[in-house]
Amino acid sequence: MDITRRTDYAIRLIAALIENKGAPLSVREVAEKQDIPYAFARSIQHDLALGGFIRSLRGARGGMILAKDPDSFTLLEFIETLQGAVSIAVCTTEPGWCPRDEDCTFHNVWLNANTMLRDYLSSATIKDILEGKYSLPSVVAISQDADASE
């Protein structure tokens, strides 16, 4: 699973809006501060509006504002709105994609890894992450748990 550049930039845009506490921000201002090409930021603004995350305001005091409470959506929901289903292998999200699903000795490994990834990304909101209030287990803790079970 790859986080696309579009998703990375969208996270930067939404983070700037969360940090701005509900006041409108211009796309140009956020794009400049976050090193995002302006045309790309405008395109992402459109996607975020379609996804219901932001509203666009026209006029001299216009810009973008949050349309959803940042406590109401997880990082997983945000990523999936921008780039589709999160998965580590196509066979975990598209039944029948591989004719060997039922006989593949690795299929269950991919399914379990996919479940872990989805659980991890859905366990925190972007606001939680920005405020350091998330309880995501660290990779080190996961690795130590795996070492202890060996």
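The values are calculated or read from the model by the stated rules, or taken from the named source; none is laboratory data. Everything quoted here is computed from the prediction, not taken from an experiment. Every residue, glycine as well, gets a Cβ built from its backbone with ideal geometry; the counts of neighbours run over all protein chains shown. For the accessible areas, the whole protein counts, side chains as well, though only heavy atoms, and no ligand, DNA or RNA atoms are used. Shrake-Rupley method; radii C 1.70, N 1.55, O 1.52, S 1.80 Å.
Side notes on the structure shown:
- Exclusive hit being open to solvent by 50 Å² or more (accessible area, probe 1.4 Å) and of a type in the set (A, V, I, L, M), set 15, 39: 39
- Within the stretch 68-103, tally of residues that are of a type in the set (Val, Ile, Thr) and under 30 Å from residue 19 (Cβ atoms): 4
Okay, residues lined up against (1) more than 25 Å from residue 24 (Cβ to Cβ); (2) buried (at least 16 other Cβ atoms within 10 Å of the Cβ):
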site	(1), (2)
51	no, yes
59	no, no
72	no, no
84	yes, no
95	yes, no
108	yes, no
113	yes, yes
131	no, no
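- Hey, residue 10 within 28 Å of residue 113 (Cα to Cα), open to solvent by less than 50 Å² (accessible area, probe 1.4 Å) and of a type outside the set (S, T, N, Q) or not: yes
- Within the stretch 133-150, considering residues that are over 22 Å from residue 86 (Cα atoms) and open to solvent by 70 Å² or more (accessible area, probe 1.4 Å), the one modelled with the highest pLDDT: 133
- Residue count, the stretch 97-106 (criterion: open to solvent by less than 70 Å² (accessible area, probe 1.4 Å) and out of contact with any helix residue (DSSP H, G or I) (no Cβ under 6 Å at 6 or more places or on another chain)): 1
- Long-range neighbours under 8 Å by Cβ, at least six apart or interchain, first residue without any contact (Cβ under 8 Å) to a residue 24 or more places away in the chain within the stretch 1-25, second loosely packed, with under 14 Cβ neighbours inside 10 Å: 16/33
- Being modelled with pLDDT of 90 or more, acidic (Asp, Glu), open to solvent by 50 Å² or more (accessible area, probe 1.4 Å) and over 28 Å from residue 117 (Cα atoms) is a property that holds for residue 32.
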